[in-house]
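This report concerns only the one structure given below.
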Amino acid sequence: MIKLYSNVQKQILQKLLTKFESSKTYKGENSVTQSFSIKPSEVFNEYEKDSADINQIEDFEKQCRLLESENFIHIDRKYERITKITAESSDENWNKIRTILGVKDKKIRQQEEISFYSKIYENPSCHQIVKDFCKTQSERLEKGKNAEFSLEEARNILQLLTFILENKNEILERELSISVLSDSKKWENYYRNKVLRILKKSGYFESLIENCADEKEENKVILEECNVYSNPSYVYFKGNGKITFQNGNIIPIVPETPLALSSASIKDIAAFEIKDTKIMTVENLTSFNRIKEADTFYIFLSGYHNSAKQNFIKTLHSQNQQKKYLHFGDMDPDGFYILQNLCTKTNINFEPYKMGIEELEKYSSFAKPLEENDLKKAKTLIEKGRFAEIMNYMLEKNQKLEQEIISWKEMWGKKN
């Protein structure tokens, strides 16, 4: 009959085994006899506090005595209270403890993990980020260190990484979780931060996130670049034009009726005919809805301009090369970074629309002071020789302006 051990007893044995397997004695590098001990508070946090429940203390001490009676541990006491729990160290005992815990010898586990990671990073078809991660884990193990994650966690993380890095179609985060983990919430609850930490550490997305305001924005940018969204993403249009899809369907666009298409569906566009002479991308949805200029076709790209949206803009430009391209964004360093990124990634000369000193002066009563992140970004743009005049003005006046102010005041003025 198999003897059952309580969770408390297993915690005690696990902590002692971990200390032993991390020691020079286990590695064969020690010439003196070592002992391996823990304090009772390492398992039962409240044990040494006067406020601890007496019944819980008695139960804990009883379970320790049972382990002592089986010669797994030795208990030191002072004034009838346990002060130290020491392993009765022997190869036989350590093997029994491993059997109780259902684990293999650390050296065997490490060899199995090294083999697991090696097979992956030696696979030429693997993405470089996956290879680098696996090689790093293998090197840690070969040095006698633990891998960053348990083998079960690592398997799930590698499946998620592979799926995300190879993904070509828009997918929602909960759909990703179901697809890879068969659980709609497991990605968000257990793996999202771990996977994103690996992706950021890889350096692969460094240029994309260098201007992000915070970690939340960095995570969003990285996932959207891999076509993973928290919610469905749409591209909005208004103006005079016509969209022809690959299946032959045609959708006319008129100024009075804005049109929204899912980011996934823009890949199915075969031709995009724009009758207006100006094409303007707008950073903010409120401004997109408000703004209205004659002979202008408006596009709101909704969120980060990932590679799929950039490819769409490039395709649109190839079919409408004689148009004038404009961008309307916030009057702050972030807004100009977005403009620069749009120009650089599409190789299209987007001109800033109502993003100059004139607007800052005109609406200075609505301006806000620059924040620390704004100061850094403004100085970086000046160093790069980009938008120096307006950046210097912002720094001099310590002002920035949201584009909604401009679109509201400009359009309101035209109506009244």
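The values are calculated or read from the model by the stated rules, or taken from the named source; none is laboratory data. Being a predicted model, the structure only gives us computed values, none of them experimental. Cβ coordinates were reconstructed from backbone atoms using ideal geometry, including for glycine residues, and neighbour counts include every protein chain displayed. In case anyone asks, the SASA skips ligands and DNA or RNA and just uses the protein heavy atoms, side chains included. Shrake-Rupley method; radii C 1.70, N 1.55, O 1.52, S 1.80 Å.
Some observations on this one:
- A residue that is in a strand (DSSP E or B), touching a Ser or Thr at 6+ places or on another chain (Cβ under 8 Å), hydrophobic (A, V, I, L, M, F, W, C) and surrounded by 20 or more Cβ atoms within 10 Å (Cβ to Cβ) occurs nowhere in the range 308-316.
- When residues of the range 333-366 are limited to those that are assigned to a loop (DSSP other than H, G, I, E, B) and under 30 Å from Gln322 (Cα atoms), the one most open to solvent (accessible area, probe 1.4 Å): Asn347
- Number of residues in the range 367-395 that are open to solvent by 30 Å² or more (accessible area, probe 1.4 Å), of a type in the set (Lys, Arg) and part of a helix (DSSP H, G or I): the value is 2.
Rundown of residues vs (1) buried (at least 16 other Cβ atoms within 10 Å of the Cβ); (2) in contact (Cβ under 8 Å) with a residue 60 or more places away in the chain; (3) touching a Leu at 6+ places or on another chain (Cβ under 6 Å), yes/no style:
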position: Asn123; (1), (2), (3): no, no, no
position: Lys131; (1), (2), (3): yes, no, no
position: Lys145; (1), (2), (3): no, no, no
position: Glu152; (1), (2), (3): no, no, no
position: Ile157; (1), (2), (3): yes, no, no
position: Leu165; (1), (2), (3): yes, yes, no
position: Lys168; (1), (2), (3): no, no, no
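- Flag if Asn219 is at pLDDT below 90, of a type outside the set (A, V, I, L, M, F, W, C) and within 30 Å of Phe149 (Cβ to Cβ): no
- Residue that is at pLDDT 90 or above, in contact with a Leu (Cβ under 9 Å, 6 or more places away or on another chain) and either on the phi > 0 side of the Ramachandran plot or open to solvent by 50 Å² or more (accessible area, probe 1.4 Å) (or both), where the choices are Arg109, Arg81, Arg140: Arg109
- Within the range 317-330, residues that are touching a residue at least 60 places away in the same chain (Cβ under 8 Å) reach partners that are among the hydrophobic types (A, V, I, L, M, F, W, C) with beta carbons closer than 6 Å, at six or more positions or on different chains, in the pairs Phe328/Met280; Phe328/Val282; Gly329/Ile338; Gly329/Leu339.
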